Amino acid sequence: MDTAGQFEYVRCNLCGADAPEPFAEGTDRLLKRGERFTLVRCSRCGLVYLNPRPALADLARHYPPEYVAYKKIAAEQVGIMGRGTGRYARLKNRIKQSILERYYGYPAADTRGGLPRWRVRLFLGVFRRMYYRTVPWVAGGRVLDVGCGNAAYLAWLKQLGWQVQGVEIDPGCVRYAREVFGIDVFAGRLRDAGFADESFDCITLWHSLEHCEDPSGILAECRRILKKGGLLVICVPNVGSWEAALFKQRSLLCDLPRHFYDFSGRTLSRLLEKNALSLRHIRYLEDVPIIDWTLNGWLAEKNIPLRLPAGMWRSPLLRPLYALMERLRTANVMICYARR
């Protein structure tokens, strides 16, 4: 158990109340340490958060170098376009480029023009999940990724024509982004970056808001540096999902103690409203690797000599089930789109 002074008690970040109710308790399943951590739910507004939580001065030890967001990706692996030269590979790339043009407004990369919309729609379902991080095109647009990790996402947007910047606390990732991708990444926290008012056309937070000590403060800062009408994209685990309801602290969705907050569609919407950001849409998505990690981890914890192959979750037979979860808003991931 950690010694006194390495934990801190906090109030609800959404409503400010000090009225926590027990939600779940568990250990760090990633690093397999013995410390126990407690998730609580605010009895006033329903926000789920870690309380007490590791003090910021002690946080680095919970993020080892092998942490998944820090995994380095080679420059040639960035992007969704295949690198094959055969006829089929070229056709797939043309379909992908047509999706970028038809559905996201990106400029044409082929003098022959994109495929007709009806033909693109035939393949949209097949390639749709490749595009869940795609943001609509803005000519000459500037995008900021907060908590950019290895910066591979920014490298892809750079390929697509965006002016990119990142914010990341891990010095190894910052150095990698600069040396390998040539991307300007601020080493530290968003509040210390000192960006000018209305600097960006788009700001993204891919699985980073749940790690922040002050989500409301992050959103307030995002609003300040986002241009009027600019787009804010937030991707977080869905604590209102079937997986969180069934497994709670055993799910990767909670990832104790790295996730300080766990949002539902309702609490995330209220947090945006609190910071004068206009919610446009929440998309629910079933993230297959999360299911695989959670279930196989649970089987190992119960000493059940069975491991479920990752490939089974990608079976076409399960797609209708995933679609139903997404429609019922019980999928394990939420992507929120808001504007200033």
ask   = When CYS148, CYS336, CYS235 are ordered from fewest to most other Cβ atoms inside 10 Å of their Cβ, what list results?
value = CYS235, CYS336, CYS148
request  = Identify all lysines with a Cα-Cα distance to LYS32 below 19 Å; exclude those on the same chain that are fewer than 8 residues away in sequence.
outcome  = LYS248, LYS302
query = Under the classification rounded if a/c is under 1.5, otherwise prolate if a/b is larger than b/c and oblate if not, where does region 250-340 fall, given a ≥ b ≥ c as square roots of the Cα gyration tensor eigenvalues?
reply = oblate
inquiry  = Using +1 at the C-beta of Lys and Arg and -1 at the C-beta of Asp and Glu, which of CYS45, PRO22, ALA60 has the Cα lying farthest in the positive direction of the dipole of region 7-62?
reply    = ALA60
ask   = Of [x] 23.3; [y] 21.4; [z] 22.6, which is the value of Kirkwood radius over Cα pairs in Å derived from the coordinates here?
value = [y]
note = Summing -39500 (n - 2.57) over every DSSP H run of at least 4 in the chain, dividing by its residue total and rounding to the nearest 500, the 222 nm mean residue ellipticity is -8500 deg cm²/dmol
request  = Please order THR204, THR85 by the number of other Cβ within 10 Å, starting at the fewest.
outcome  = THR85, THR204
request  = For LYS227, list the lysines whose Cα falls under 27 Å from its own Cα; do not include residues on the same chain fewer than 8 positions away.
outcome  = LYS158, LYS274
task = Could I have the simple spin-label model distance between LEU91 and LEU317, label points 7 Å from Cα toward Cβ, reported in nm to one decimal?
result = 2.8
remark   = Unpartnered Cys in the chain, judged by a 4.7 Å Cβ-Cβ cut-off, are CYS148, CYS173, CYS202, CYS212, CYS222, CYS235, CYS254, CYS336
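Quick note: the coordinates plus some simple rules give every number you see, no bench work behind them. This is a predicted model, so every value here is computed, not measured. Every residue, glycine among them, receives a Cβ derived from its backbone with ideal geometry; neighbour counts consider all protein chains shown.
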